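A.B. asks: Below is the structure I would like to discuss, written out as structure tokens.
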Amino acid sequence: MIKIKIPAGQELTLEHLVLDYNGTLAVDGHLKPHVREKLNFLAQDLTIHIITADTFGICAAECEGIPCTLQLLDNSCPGGPQKENFIQTLGPSKVVAVGNGANDRQMLASAALGIAVLGDEGTCAKCLIDADVMVRNILDALDLLIHPKRLVATLRQ
């Protein structure tokens with residue numbers, strides 16, 4: 001669990017980290033460098049969930065060795081509502097969500113803390129409206145959770 005007190009704001013008590021895979025953690029299906037190490041470190045404090053349509057079919061192999069649950073989306077249905085429903089099952093007040101695509105918007109908006117990532121594949125502009133924070137890349141997003149006082153500086157009122 002990670003607790004973050006935001007001055008003149010709320011206290012976040014985060015238990016779950018929900019991450020989009022392609023475009024957020026990975027490029028062209030392959031995990032970005034150094035992501036594995038940071039996720040393994042964060043797994044000491046958060047339950048990690050990776051949610052994906054697994055476009056390239058290699059997500060499970062790429063995430064081997066990361067203590068996480070892998071949530072596969074039903075490709076016959078829109079991904080946005082599926083991701084939001086998953087957040088709801090965990091209890092949104094305990095979730096930090098990280099994503100970059102149009103199908104991440106609802107997930108970012110419903111989580112206690114939504115982080116939009118501007119990665120190699122870009123970011124859906126509407127994600128910026130639904131996120132609480134935007135960062136340059138996934139490593140910056142994970143570092144916000146490893147060093148939560150950075151979030152205090154960004155989110156204080």
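A.B. asks: Any residue in segment 34-46 that's among the small types (Gly, Ala, Ser): show its pairings with residues that are outside any loop (DSSP other than H, G, I, E, B) and surrounded by 14 or more Cβ atoms within 10 Å (Cβ to Cβ) at Cβ separation under 9 Å, as long as the two are six or more apart or on different chains.
C.D. replies: Qualifying pairs under 9 Å: 43/17; 43/68.
A.B. asks: Condition (residue is within 16 Å of residue 16 (Cα to Cα) and either part of a loop (DSSP other than H, G, I, E, B) or not aliphatic (A, V, I, L, M) (or both)) applied to segment 120-138: is it met by at least one residue?
C.D. replies: no
A.B. asks: All but one of (1) of a type outside the set (D, E, K, R); (2) surrounded by 12 or more Cβ atoms within 10 Å (Cβ to Cβ); (3) at pLDDT below 90 hold for residue 21; which doesn't?
C.D. replies: In the conditions (1) of a type outside the set (D, E, K, R); (2) surrounded by 12 or more Cβ atoms within 10 Å (Cβ to Cβ); (3) at pLDDT below 90, residue 21 misses (3) alone.
A.B. asks: Filter segment 73-92 down to the residues that are among the aliphatic types (A, V, I, L, M) and in a helix (DSSP H, G or I), then identify the one that is surrounded by the most Cβ atoms within 10 Å (Cβ to Cβ).
C.D. replies: If we take residues in segment 73-92 being among the aliphatic types (A, V, I, L, M) and in a helix (DSSP H, G or I), then 87 is surrounded by the most Cβ atoms within 10 Å (Cβ to Cβ).
A.B. asks: Answer yes if at least one residue in segment 93-107 is outside any helix (DSSP H, G or I) and surrounded by fewer than 19 Cβ atoms within 10 Å (Cβ to Cβ), and no otherwise.
C.D. replies: no
The values are calculated or read from the model by the stated rules, or taken from the named source; none is laboratory data. Model, not experiment: these values are computed from the prediction. Note that each Cβ is placed from the backbone with ideal geometry, even for glycine, and that neighbours are counted across all protein chains shown.
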